[in-house]
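Below is one structure, written out as structure tokens; the observations come after it.
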Amino acid sequence: MSTFTEPAPTSTALLLLGRGSDAASEKGVDCPGELPAASDPDLIERARAAKEALGDRLFILGHHYQRDEVIQFADVTGDSFKLAQQAAARPDAEFIVFCGVHFMAESADILTGDQQTVILPDLAAGCSMADMATRQQVDECWDTLTDLGLTEDVVPVTYMNSSAAIKAFVGEHGGLVCTSSNAQRALEWAYEQGRKVLFLPDQHLGRNTAVRELGFELSDCVTYNPHKPGGGLTDEELRDARMILWRGHCSVHGRFTLDSVNEVRDRVPGVNVLVHPECKHEVVSAADLVGSTEYIIKALEAAPAGSAWAIGTELNLVRRLAHQHPDKQVMFLDKTICYCSTMNRIDLPHLVWSLEELVAGRVPNPITVDADTARHSKVALDRMLALP
Ligand code: 13P
Ligand code: SF4
């Protein structure tokens, strides 16, 4: 079968993402210590030795978008849902090193015990989508809905890709967290509690799930723009909508287009187009299969030899799938490189640095959610974990 074709580089290959609106955060944060050089030939050996020295005190979680050089050291790999479950299921590990992004490490901190510490090897590993909804903006939106007398009827649901402050808001207002692997069940639960949903912060996951899984019309959904008064919507639009979508998106998955789907179908007859639900609605509607990163991996495992797959999700994962399935034709759906730059911030030097700091008795980059926020967020996370 043909080998993986690397997409072409572009000037925006590493999308500029970061936490907060501070562009300087993209430059990364200083490690309060010596970061090993990426060229150090002993990095793999050093990571191995530090991991061995820490033994059962350490548990390393790795999201599927992590680099190969990092994922090889993960005790468990998974999508956001599986990693949250795994974090909650390791009460004996003193240190959870989270190779993923900030909101995942926050969720792990909320779900783990006080005696455990969650560590993010590079604090600049944020998520631009999570940054698109701040607590103040969401409070203002809720005030608008309250003034219209709607909040009795609205259940807030937030995608896992949001800050702990947003999860706390949702927990305080009777809602729950969802991930891309349980959004349908989460929304079904929400519509049992109320007539409307405020879906934060990914408009695409919200719209795709409402229309594809729940049978809503596109016209049942409105998009709330937090940068406009009243979300840029009329009172009537807010009153009539069943689904109020926050105007947030993933810049990585936003790169995939309907043109890429049409182009690959023309070029590779019989190709299966498999995309993540963070892609735009027109892309998801044109795809054959849609699902979380874990779903994408399982779909490839179940696929027959000789089948062809064009996959619309982050490049580290798609390249790894291509190498793991040499008997299948695995293609990247976009023509140009598309990494999640913040996921990529966790590289081997940062992992080695974190592990060696732990061995030396220092705790690098602990992620701690304050007690009040953690308590309310946990309500929303527990509701998700309890979904049937
Ligand atoms: P999943 O791994 O849950 O599918 O999420 C993808 C993602 O964007 C993580 O940030
Ligand atoms: Fe955030 Fe998108 Fe990166 Fe996921 S892939 S961490 S949603 S920017």
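Any read-out appearing in this document is the output of simple, stated calculations on the displayed coordinates, not a laboratory observation. Please read all numbers here as calculations on a predicted model, not as lab measurements. Cβ placement follows ideal geometry from the backbone for every residue including glycine, while neighbour counts extend to all protein chains displayed.
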Could you compute the FRET efficiency for ASN225 and GLU188, with r as their C-beta to C-beta distance and R0 at 25 Å, rounded to 0.05?
0.40
Semi-axes of the equivalent ellipsoid for the chain, Cα gyration tensor, largest first, Å:
33, 28, 18
If I take all pairs of Cα atoms in the range 253-339, what percentage of them are more than 18 Å from each other?
33
For the range 130-250, the dipole about the Cα centre with charges only on Cβ (Lys and Arg +1, Asp and Glu -1), to the nearest 20 debye, works out at 400
5 angstrom amide H check on VAL118, placed H, neighbours 5+ away:
ILE96, ILE367
Using a Förster distance of 45 Å, the FRET efficiency for LEU148-THR336 (Cβ separation, nearest 0.05):
0.55
Tell me the mean residue ellipticity at 222 nm calculated for the chain from its helices only (DSSP H runs of n ≥ 4, each -39500 (n - 2.57), averaged over every residue, nearest 500).
-10500 deg cm²/dmol
Would you calculate the convex hull of the Cα atoms in the range 58-195 and tell me its volume per residue in Å³?
110
Using alpha-carbon positions, what is the distance between the centroids of the range 37-74 and the range 81-154, in Å?
24
For the residue pair ASN262 and ARG135, what label-to-label distance in nm results when each label sits 7 Å from Cα along the Cα-to-beta-carbon direction?
4.6
